[in-house]
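Right, one structure below, let's go through it.
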Amino acid sequence: MTENKKVLFTIFGATGDLAQRKLYPSLFRLYRKGDIDEQFAVIGTARRPWSDEHYREVVKETVASLKPTEEEAEKFASHFYYQSHDVQDTEHYVTLKKLTDQLDEKYQLNGNRLYYLAMSPNFFGVIVQHLKSQGMMDSTGYHRVIIEKPFGSDYETAKQLNEEITAVFSEKEIYRIDHYLGKEMIQNISAIRFANNIFESMWNNRYIDNVQINLAEDLGVEERGGYYDKSGALKDMVQNHVLQILSLLAMEPPAAFSDHEIRTEKIKALNAVRVYTEKEVHENFVRGQYDKGTLDNKDFPAYQQEPNVSEDSTTETFVAGKFKIDNFRWSGVPFYVRTGKRLTEKGTRINIVFKQVPVNLFKARIDEPCKDKKLPQNVLTIYIQPTEGFSLSLNGKEIGQGFNPQPVKLDYRNSAEAVENSPEAYERLIFDALNGDSTNFTHWDEVAQSWRIVDVIRHAWDKVDPDFPNYAAGTMGPQAAFDLIEKDGFEWIWQPDNWYRERGLLK
Ligand code: BG6
C-alpha cells in the first residue's frame with residue numbers, strides 16, 4: 001500500500017456536484033486515516049477559470065461538515081491545484097502535463113497517476129486519447145482511470161466508449177464506478193451467503209420461492225431533471241445498480257474471494273438472465289411516472305412539473321419487473337425488482353422469500369384470521385439503507401393453549417455509531433482503486449450484458465406510448481406493479497405505504 005498511496009489524482013469535472021459532494025470529502029477521510037498521506041496531490045480541471053486559492057477554499061467548504069481543525073483543513077487543501085481546461089484543446093494537455101511533472105517532483109509520487117472522469121461521458125474518449133498522445137501515460141508508475149456512470153446510453157454507445165478507453169487503458173487499469181458496490185451491506189451479501197451454511201445450502205430453486213430487490217427513493221428528480229428526463233429509471237437504476245445486486249445474489253460461490261473470481265461468477269450470472277422478446281417485456285415489466293400527490297400532509301408536484309422536465313414527458317420514474325435466470329440454480333425462481341422516485345420511503349432492501357414447508361401440519365389448528373390457513377413464509381431481509389442489517393422471519397408457537405403458529409422475527413441492525421463511522425461508498429471505492437483492487441467495480445463484460453438485457457426492454461417500451469402519469473407521489477408505484485407480482489400468487493413483502501394509509505396519511 002505504501003507505494004500505491006503516493007499518487008497524483010487528476011479530476012476532470014472538478015467543479016461539479018459529484019466532486020464536491022463525494023470526492024473531496026472521501027479524499028479527506030482517506031487523508032485523515034492515513035490511507036493517503038502527505039505524498040499525494042490533486043489537480044482539479046474544469047472549464048471555469050478558478051485560481052488555486054479559490055479551489056482550495058471550495059475544497060475546504062466541502063469537508064467542513066467533517067469538522068477538521070483549521071490546520072488540518074489547510075494542510076489537506078494545500079495538496080489541491082486547479083487547472084482551467086478545455087478537454088478538446090490539445091494545448092491544454094501540454095500545460096496539464098507540465099503541472100503533473102512538477103507535482104510529481106514536488107511530492108515524490110513515483111509516476112503514479114489516477115485519472116478520475118467525473119463529467120459528461122461524451123468527453124471520455126477525447127480525454128483519454130489526449131492522455132496518451134500528450135505523454136501522460138508514459139511515467140514510470142501505475143496509470144488507472146476511474147469512470148463515472150452512465151457508461152453509455154445503450155449497448156452500442158457503451159461499446160464504442162469502451163473501445164475508446166481500452167485503446168489507452170487496459171481492462172485492469174479501468175475502474176468503472178457503480179457506487180452501490182461500495183455500500184457496506186452490498187458487500188455484506190457475500191458474507192451472508194458464503195459464511196453461513198444455513199443460507200448457502202438453501203440458496204437455490206428447491207428452497208427459495210422468489211427474490212425481491214427494492215431500490216425505492218422518496219425524493220423526486222430534484223435539480224437533475226435535465227439529465228434524468230433523457231435517461232429514466234430503467235437506465236438510471238436498473239442497468240447498473242439493480243443488475244449488479246442481482247448478480248451478487250445469483251452468482252455461484254467463487255473459487256476464491258478475489259476480484260477475478262468474483263467477476264467471473266457475476267458475469268456468468270448475468271449471462272443466464274433471460275434476454276426477453278418484446279412480448280415477454282410487456283408481460284414481465286411495467287413502468288410508471290409520478291403524478292402530484294400528498295403524503296403525511298405534504299404536497300408534492302408531478303414529475304412533468306419538475307424543473308428541466310418537459311411538460312409532456314414520457315420518461316419513466318418507476319420500473320417494476322420480473323427477471324428470469326435460466327440456469328440450474330435459479331430456473332423457476334422469479335427475481336422481482338422495483339425502483340422509483342417519489343415513493344413512500346427511501347429504502348434499499350432485498351427480500352429472499354423461502355418456500356413453504358412441504359406439508360402444513362398446523363393447518364387444522366390455525367385460527368382465523370390466518371389467510372388461507374397457510375404458514376407465513378420465512379423471509380430473509382437484507383437492509384442496505386437507510387438502516388443496515390438483516391432480519392429473518394420464522395414461525396414459532398403462540399404462547400398458551402393450542403398449537404397456533406406465530407411469526408417471530410430475528411432482527412439485527414448495525415448500530416448508528418458503526419454506520420456513522422463506517423467508510424462512505426466513494427471512500428471505499430477510491431481506496432480500492434488506489435490498491436489496484438477491482439472487486440467492487442464493474443467489468444466491461446458485466447456492463448455489456450446489462451445493456452443487452454435492458455436494451456430490449458427500452459426498445460419494446462419505445463414502441464408504445466405510455467399512459468403517464470400513473471402513480472401518485474408518495475405511493476409505491478402504479479397498480480400494475482402490484483398486479484405483476486400478484487398474478488404469480490406473490491406479494492411485495494415491503495409495503496411501507498400501508499402504514500400511512502392505515503393512518504389516513506395517504507390516499
Ligand atoms: C444514482 C442515480 O446512480 O443513484 C440517482 O443516478 C439516484 O438517480 C442515486 O438517486 C441513488 O443512490 P443512493 O446511494 O442515494 O441510493
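Side notes on the structure shown:
- If you take all other residues with their beta carbon under 10 Å from the beta carbon of K172, and give Lys and Arg +1 and Asp and Glu -1, the sum is -2.
- Only helices enter this figure: runs of n ≥ 4 DSSP H residues, each worth -39500 (n - 2.57), summed and divided by the residues of the chain, yield -10000 deg cm²/dmol at 222 nm to the nearest 500.
- Here the 3J(HN,Hα) profile of the range 384-396, calculated from phi with Karplus coefficients 6.51, -1.76 and 1.60 at θ = phi - 60°, is 9, 6, x, 8, 10, x, 8, 9, 9, 9, 10, 10, x Hz, Gly and Pro shown as x.
- The length gained on full extension between E486 and E223, counted as 0.36 nm times the residue separation minus their Cα-Cα distance, comes to 91.1 nm.
- Here the spin labels are modelled as points 7 Å beyond Cα on the Cα-Cβ line, and at L361 and E71 they lie 7.0 nm apart.
- q = 0.14, 0.19, 0.20, 0.23 Å⁻¹: log10 I(q)/I(0) that the Debye formula gives for the range 53-101, counting C-alpha atoms only: -0.46, -0.68, -0.71, -0.80
- Listed residue (S201, T166, H54) projecting farthest to the positive dipole end of the chain, Cβ model: S201
- Within the range 457-481: backbone nitrogen closer than 17 Å to the V275 label point (7 Å, Cα to C-beta): 457-461
- Rh (Kirkwood; distinct C-alpha pairs) - the chain, Å: 24.8 Å
- The solvent-accessible area of S391, taken with every protein chain present and a 1.4 Å probe, is close to 0 Å².
- Cα radius of gyration and Dmax for the range 240-389 (Å): 19.9, 59
- Contour excess over end-to-end distance, with Cα ends at Q495 and L410 and 0.36 nm allotted per residue: 28.7 nm
- For the chain, the residue among S231, N214, V357 whose Cα projects farthest onto the positive side of the dipole built from Cβ charges is V357.
- Label-point gap, in nm, between K132 and K324 - each point 7 angstrom along Cα→Cβ: 4.2 nm
- Its alpha carbons considered, the range 392-506 gives a radius of gyration followed by a Dmax of 22.2, 62 Å.
- Surface analysis of the chain yields an accessible area of 45 Å² per residue, using protein heavy atoms and a 1.4 Å probe.
- Principal axis dimensions, largest first and in whole angstrom, of the range 64-148 by Cα: 42, 29, 22
- Pairs from K5/K75; K235/K346; K397/K487; K33/K75; K266/K355; K183/K346 whose Cα-Cα separation, in the structure shown, is over 21 Å: K397/K487; K266/K355
- Net charge, F482 excluded, C-beta distance under 15 Å - Lys, Arg +1, Asp, Glu -1: 0
- Enclosed volume per residue, in Å³, of the convex hull spanned by Cα atoms of the range 197-271: 141 Å³
- Share of carbon and sulfur in the accessible heavy-atom surface of the chain [1.4 Å probe, %]: 50 percent
- A convex hull fitted to the Cα coordinates of the range 393-443 yields 120 cubic angstrom per residue.
The values are calculated or read from the model by the stated rules, or taken from the named source; none is laboratory data. Remember, it's a predicted structure, so these values are computed and weren't measured experimentally. Cβ: placed from backbone, ideal geometry, glycine included. Neighbour counts: every protein chain shown. What goes into the accessible areas is simple: the full protein's heavy atoms, side chains included, and nothing from ligands, DNA or RNA. Shrake-Rupley method; radii C 1.70, N 1.55, O 1.52, S 1.80 Å.
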